[in-house]
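Enquirer: My questions will all concern the structure given below.
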Amino acid sequence: MDSTQISRFSLFITVFSCILAFSFGDNSSSTDAHWLLRIKSKLVDPAGVLESWSLRAHICSWNGLTCSHDEAFVIALNLSASTLSGSIPTELWNLVSLQTLDLSLNLITGSIPPEIGRLRNLRTLILFANNLSGKIPTEIGLLKKLQVLRIGDNMLAAQIPPSIGNLTELRVLGLAYCQLNGSIPAEIGNLKNLVFLDLQHNSLSGFIPAEIHNCEELQNFAASNNMLDGEIPASIGKLKSLQILNLANNSLSGSIPPEISGLSNLQYLNLLGNRLNGEIPWELNHLVQLQKLDLSSNNLSGTINLLNIHLQNLQVVVFSNNALTGSIPSNFCLKNSNLQQLFLAQNKLSGGFPLGLLNCSSLQQLDLSNNNLEGELPPTIDKLEKLTDLLLNNNSFNGSLPPEIGNMSNLENLYLFDNMITGSIPVEIGKLQSLSTIYLYDNQMSGSIPMELTNCASLTAIDFFGNHFSGSIPETIGKLKDLVLLQLRQNDLSGPIPPSLGYCKKLQQLALADNKLSGSLPATFRFLSQLSTITLYNNSFEGPLPDSLYSLRNLKIINFSHNKFSGTILPLTGSNSLTALDLTNNSFSGSIPSRLAISTNLGRLRLANNLLNGSIPSELGRLKELIFLDLSFNNLTGEVPSQLSTCQKLQHLLLNDNHFTGKMPSWLGSLHDLGELHLSSNNFQGQVPAELGNCSRLLKLSLHSNNLSGQIPHEIGQLTSLNVLNLQRNNLSGSIPPTIQQCKKLYELRLSENLLSGPIPSEIGKLTELQVILDLSRNLLSGEIPSSLGDLLKLERLNLSFNRLGGELPSSLGQLTSLVMLNLSNNHLRGQLSSTFSGFPPTSFSGNDKLCGPPLTSCMDSAGHENNLLSSTAVVWIIVAIVFTSTVICLLMIYIMLRMWCNMREVLISNSSEGGGNGIEQIKREDQERWMYGDEKKRKGEYWRVMSSMALVPSQNHDDHISSSCIFQVKMDTKKLGI
Amino acid sequence: MAPLSVISLSLCFLLPLLSPAISTNSEGNALHALRRRLSDPTNVLQSWDPTLVNPCTWFHVTCDSNNHVIRLDLGNSNISGTLGPELAQLQHLQELYKNDISGEIPKELGNLKNLVGLDLYGNRFEGEIPKSFSGLKSLRFLRLNNNNLTGSIPRELTALSNLKVFDVSNNDLCGTIPVDGPFGMFSMPSYANNMRLNGPELKGLVPYNFGC
């Protein structure tokens, strides 16, 4: 005992003496009365449970009080569940004779004061389920006589005081549902009489103290939902009295200690949600009293070696969500087994359906889902006659559903989805009068849906999605009065919807999409007042909608897209709770009802590909939650109402392919979430609004095929997320703004069929993500093709045709190895094509001024012989080229002849003494002699060089008469001519 | 030819044929599974709502007229995480680049028989180039440059007769370079900066994996 405790103790003595002095001559219970009345005055008592506390009545008759036999002392105060609030009155500490204090289930606030240590006679202290906060006072360790301490379900924080180990008489310790942290004090091992220890739902961490094995009387130890880590101490196996061990949802690791088999009285073992690994110890088979065993959500591996043969009291076994392998032992169950629930889902169990389970005749719930089980379901499965839930989904079972399943008369929930089951549904299914849920989706089942299914009067949910069921929906479906979900999507069902379906009045979700159903909707649908989701897309439904659908006020999601419905859409606007309405691709006509605006939660409105006319109702501006508005491909007219600018959450706005008129609205720039804007193929006029630059999240902007004029605003460069920009087929003029280089994510850029002029900005070469196409064709673009286009390494299509581009093709374009389509035709380009272009057709380059090289004619050849392959412009061009070339050659020849003539004359004159004789051999010989003697060596080199170059001149005459000097001059000239 | 060698090589296009689609939204499910693997700090995948009928209205996803995903653009989006086998459900995957995607390239991508272009460059992929890529029969553009890929260039890739652009530069590949099939066309920059890559295959003289 430290000095503070001593001083507190002496203070206590002093106070106590004062009280004695004050109450001298009176009896103790009347002293208590004094304090109790003061306690009453401090507590808030809305229910009046303390009304009987009055000096007019004897204290021992006061509500909640118990006196000692001689009525001398108040020994118990029990005000449980009395809606009392306020903090614990300090006067309470004066009731030192109290043996029992129970204030549980009230609204008491504040902390548990240290003065509680004064109530040394307390044997029972119960304060659970209040709003007490603060920490557990160390002084609680002074209550040496305490046997029951239950203070859980409060907001108590901080650590469990080690002084709790002083309470050696303690039998019950309840500290659950608080915010206690720190570790479990090792002193807990001092509590030799402890029977009940509940520490659940706190934030306790650290190890489970090995000292716990000293609590030899412990029957119930629950520490679930904390953050305990480390291994389960092997010593825990010494708790021979333990009946309940619950360590679920902690971070315990390591393997399950085999010593746990020493808990010979254990009835309940829960270790779910830890990090335990290794195999399930075979020694668990010794826990013969075990009734409930949950080892789920750990990392346990190996095979299942627990046997019901040993554990004959087992009722519940849960091993789900581990890594268990192998199959279930064939002798798992005894004939007289008590096993009711077996959950083995989400493991790696393999093999066929475990026949050993068929002996578990008392089994009510079996979950083998999410394993690797395969093979057929055994016909003898009906031996599990008490089964209510059969969950075999997400395995690889095949074969068909055995007709014997009709004998499982208690079956309520049948989950077979995500297997490979084939065949049809046996008609015997109709015998299952308790069947509530049947999920067969994602299998390969076929045949028709048996009418007998509609005898299963308890059915609430049918999901046959993703099979091959054919035929029609049973006409008697209306017998299923409790049906809430009918999901038949993606089968091969045909025929009309039976009118009786309208009598399934509890139906909330109806999904018949992706079938071959036809006919019109039955008028009986008006009775489906609970219906909230109806999806009929991808069928062949037709005709107008029944007007009575207007009475379905709970509809939230409607998808009738891709059918042949006609008439007005007004019957679908009765609900004000719509969140999604998709009628895409039908033949609906009439105007868009303004009444749609009453569904203020509408997020997706898709009416594309219908025959709707009229204008967009301005009331749609009230749809503040609208994200997706698709009205494309209709006959809508008029201007787009400016009220839509208040739909600030719009991400997709698709109005293309209508007849909208007027200026393109500038308020579009205020829709900052816009990712997709399609206004193409309308009659919009005026300029591209510069404000569009504010829609910085735009990914796709398509304004093509309108009457837009003026320049492309340079603000387009602010659209830095843009992937696709299509402005083609307008009357846009001016130059392409260089700011477009900032649209770095563009992979598709189409500006063709406008009146754009000026050069192609070299900045386009910075759009290195361009891939699908760069189309600038059919404009008035001039100047040279910027060499920077060679940086567009991913570009697959490039179209610059029908412009006024001139100059040579930049060699950098040869780098465009990804190109699949190239069109540079009908410009004024010239020069030699790089060999990379040889794979493209000549039409890619035709109609230019002076392009040559493969696939066009060789730059050396006359192009005549390819005329038949070329366009008329190309022919003209080629003829011009031929005439030009011929002229040049003629001139050249004349020149050569003149030179030869003049040289010849010189030679004749200089050699006249040797006679004019037949010159060739003579000259040659003469030259050889000269060179042989070292004269004119320099000339010799020139001669041969010139000869080789002359050989390339097509029409060159090899005239051996000419002298070396003369030939040399010819060579120089031909170079100048550029032949 | 030599002077034209351009920097990047290209590509692959393959289309993966799927097993009979069990659920029509298998592509949406696959993309949603992908989303769960990825960290997306700038929320570019916010529109990926798995409850929609198909993923065709999701941003960065492009579908054809049959509502099949043909294009996936996740470039420059600060996305990180790993790719999973579920991508094999997509028919025409392109553009998955310049992000921070790590882990191995899932071999299941080799099932994409219709894939035409596969750009996984500029990420942090590691491990080997899957041999299964030889199944990408339609592939024309394959850019795997600027990753941390190791091992040799699978010789099986010589079966990709449509391959036009191939770029594995700036990785850590080893061995020799195949010479058959489309590999006759690719120039050296396609292989640049792979310190352990040893030049063209010398059949019979040097082991294919020389230096690995």
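Enquirer: Determine the principal axes of the Cα atoms in segment A:167-279, then give the extent along each, sorted from largest to smallest and rounded to whole angstroms.
Expert: 39, 33, 21
Enquirer: Taking a temperature of 4 °C and a viscosity of 1.567 mPa s, what whole-number D in µm²/s does Stokes-Einstein yield for chain A with Rh from Kirkwood over alpha carbon pairs?
Expert: Working: Rh = 38.9 Å.
Answer from the Stokes-Einstein relation: 33 µm²/s.
Enquirer: Under a point-charge model restricted to the Cβ atoms of Lys and Arg (+1) and Asp and Glu (-1), what is the dipole moment magnitude of segment B:49-198 relative to its Cα centre, in debye to the nearest 20? It would help to have the intermediate numbers written out before the result.
Expert: On the way: 12 positive and 15 negative charges, 83 e Å.
The dipole magnitude comes to about 400 debye.
Enquirer: How about segment A:549-636: which trypsin sites (Lys or Arg not before Pro) there lie in a loop by DSSP and see at most 16 other Cβ atoms within 10 Å?
Expert: Working: sites: A:R553, A:K556, A:K564, A:R595, A:R604, A:R606, A:R622, A:K624; in loops: A:R553, A:K556, A:K624.
Here the sparse-neighbourhood loop sites are A:R553, A:K624.
Enquirer: With equal scatterers on the alpha carbons only and no solvent term, can you work out the Debye log10 of I(q)/I(0) for segment B:137-190 at 0.13, 0.16, 0.24 1/Å?
Expert: Relative scattering, expressed as log10 I(q)/I(0), comes to -0.28, -0.43, -0.99.
Enquirer: Need the C-alpha centroid separation for segment A:535-610 versus segment A:218-264, integer Å.
Expert: Cα centroid to Cα centroid, the span is 59 Å.
Enquirer: Please compute one quarter of the surface area of the Cα convex hull for segment B:49-198 and express it in square nanometres.
Expert: Details: hull surface 34.0 nm².
Over all viewing directions, segment B:49-198 projects a mean Cα-hull area of 8.5 nm².
Enquirer: Report the one residue of A:S241, A:I497, B:L118 whose Cα lies farthest in the direction of the positive end of the charge dipole of the protein assembly as shown (charges on C-beta: Lys and Arg +1, Asp and Glu -1; origin at the Cα centre).
Expert: B:L118
Enquirer: For segment A:252-269, what does the Karplus curve 6.51 cos²θ - 1.76 cosθ + 1.60, with θ = phi - 60°, yield as ³J(HN,Hα) per residue in whole Hz, taken in order and with x for Gly and Pro?
Expert: Per residue, the Karplus-derived 3J(HN,Hα) values read 5, 10, x, 9, 6, x, x, 4, 4, 5, x, 7, 5, 9, 5, 10, 9, 10 Hz.
Enquirer: Looking at segment B:110-159 from every direction and averaging, what is the projected area of its Cα convex hull in nm²?
Expert: Working: hull surface 12.6 nm².
Computed as one quarter of the Cα hull surface, the answer is 3.1 nm².
Enquirer: I would also like to ask the following. Only counting other Cβ atoms within 10 Å, I'd like A:S320, A:S85 sorted with the fewest neighbours first. Kindly include the intermediate steps, with their values, before the conclusion.
Expert: Values: A:S320 22, A:S85 15.
Going from least to most buried by this count: A:S85, A:S320.
Enquirer: To the nearest µm²/s, what D does Stokes-Einstein give for segment A:30-174 at 20 °C and 1.002 mPa s, using the Kirkwood radius over alpha carbon pairs as Rh? Display every interim value, and only then the final one.
Expert: Numbers: Rh = 15.3 Å.
Calculated translational D: 140 µm²/s.
Enquirer: Okay, next question. Give the residue from A:L822, A:S733, A:S788 lying farthest towards the positive end of the charge dipole for segment A:732-827; charges sit on Cβ (+1 for Lys and Arg, -1 for Asp and Glu) and the dipole is referred to the Cα centre.
Expert: Comparing the listed Cα positions along the dipole, A:S733 ranks first.
Enquirer: Find the percent of Cα-Cα distances in segment A:709-765 that exceed 13 Å, and round it to a whole number.
Expert: Values: 945 of 1596 pairs.
The proportion of pairs with Cα distances above 13 Å equals 59 percent.
Enquirer: Where does chain A land at 222 nm, in deg cm²/dmol rounded to the nearest 500, when only DSSP H runs of n ≥ 4 count, each adding -39500 (n - 2.57), divided by all residues?
Expert: On the way: 6 runs with 116 residues, N = 979.
Per the formula, -4000 deg cm²/dmol.
Enquirer: Have a look at segment A:260-318 and give its Rg and Dmax from the Cα atoms, expressed in angstrom.
Expert: Looking at segment A:260-318, its Cα Rg and Dmax stand at 10.7, 28 Å.
Enquirer: So if each residue of separation counts as 0.36 nm, and I subtract the Cα-Cα distance between A:I879 and A:L107, what length gain in nm does that give?
Expert: On the way: separation 772, 0.36 × 772 = 277.92 nm, distance 10.53 nm.
Going from the current span to full extension adds 267.4 nm.
Enquirer: Given H placed on each backbone N at 1.01 Å, which residues far from A:G783 in sequence or on other chains put an amide H within less than 5 Å of it?
Expert: When sequence neighbours closer than 5 places are left aside, the close amide H contacts are A:G806.
Enquirer: I've got another one for you. List the lysines whose Cα lies under 24 Å from the Cα of A:K649, skipping any in the same chain that are fewer than 8 positions away.
Expert: Candidates past the 8-residue exclusion: A:K556, A:K624, A:K663, A:K700, A:K745.
Enquirer: Starting from the Cα of A:K292, draw a straight line to each of the lysines and keep only those under 29 Å, dropping any in the same chain fewer than 8 residues away.
Expert: Output for A:K292: A:K192, A:K238, A:K240, A:K335, A:K348, A:K383, A:K386.
Enquirer: Identify, among A:V74, A:L36, A:I160, the residue whose Cα sits farthest towards the positive end of the charge dipole of segment A:30-174, taking +1 on the Cβ of Lys and Arg and -1 on the Cβ of Asp and Glu, with the dipole about the Cα centre.
Expert: Positive-end residue among those listed: A:I160.
Enquirer: Helix A:919-932 versus the longest principal axis of chain A: what angle, 0 to 90°, nearest 10, using Cα atoms?
Expert: So the helix axis and the longest Cα principal axis differ by about 60 degrees.
Enquirer: Given +1 on the Cβ of Lys and Arg, -1 on the Cβ of Asp and Glu, and no further charges, what dipole in debye does chain A carry about its Cα centre, rounded to the nearest 20? The partial results should precede the final answer.
Expert: Values: 66 positive and 77 negative charges, 291 e Å.
So the dipole magnitude of chain A works out to roughly 1400 debye.
Enquirer: Would you mind working out the magnitude of the charge dipole of segment A:30-174 relative to its Cα centre, with +1 at each Lys and Arg C-beta and -1 at each Asp and Glu C-beta, to the nearest 20 Debye? Each step should come with its number before you reach the end.
Expert: Working: 12 positive and 11 negative charges, 52 e Å.
Here the size comes out at about 240 debye.
Enquirer: Moving on to the next point. Please go through the residue pairs A:K481/A:K564; A:K794/B:K164; A:K40/A:K144 and name each one whose alpha carbons sit more than 21 Å apart in this structure. Can you show the working numbers first?
Expert: Numbers: A:K481/A:K564 30 Å; A:K794/B:K164 11 Å; A:K40/A:K144 28 Å.
Checking Cα-Cα distances, A:K481/A:K564; A:K40/A:K144 exceed 21 Å.
Enquirer: Whole number please: convex hull volume per residue, Cα atoms of segment A:425-529, in Å³.
Expert: Numbers: hull volume 8.0 nm³, N = 105.
Per residue, the Cα convex hull of segment A:425-529 comes to 76 Å³.
Enquirer: I would also like to ask the following. Tell me, what is the FRET efficiency for A:S551 and B:R37 to the nearest 0.05, using R0 = 35 angstrom and their Cβ-Cβ distance as r?
Expert: The value I calculate is 0.15.
Enquirer: Order these by the 10 Å Cβ neighbour count, fewest first: B:H60, A:H714.
Expert: Working: B:H60 21, A:H714 14.
The order, fewest Cβ neighbours first, is A:H714, B:H60.
Enquirer: If you wrap segment A:303-454's Cα atoms in a convex hull and average its projection over all directions, what's the area in nm²? If you can, show how the numbers build up before the last one.
Expert: Details: hull surface 31.0 nm².
That works out to 7.7 nm².
A short reminder: the numbers here are calculations on the coordinates, not readings from a lab. Since we're looking at a predicted model, the values are computed, not measured. Reconstructed Cβ throughout: ideal geometry from the backbone, glycine too, with neighbour counts over all protein chains shown.
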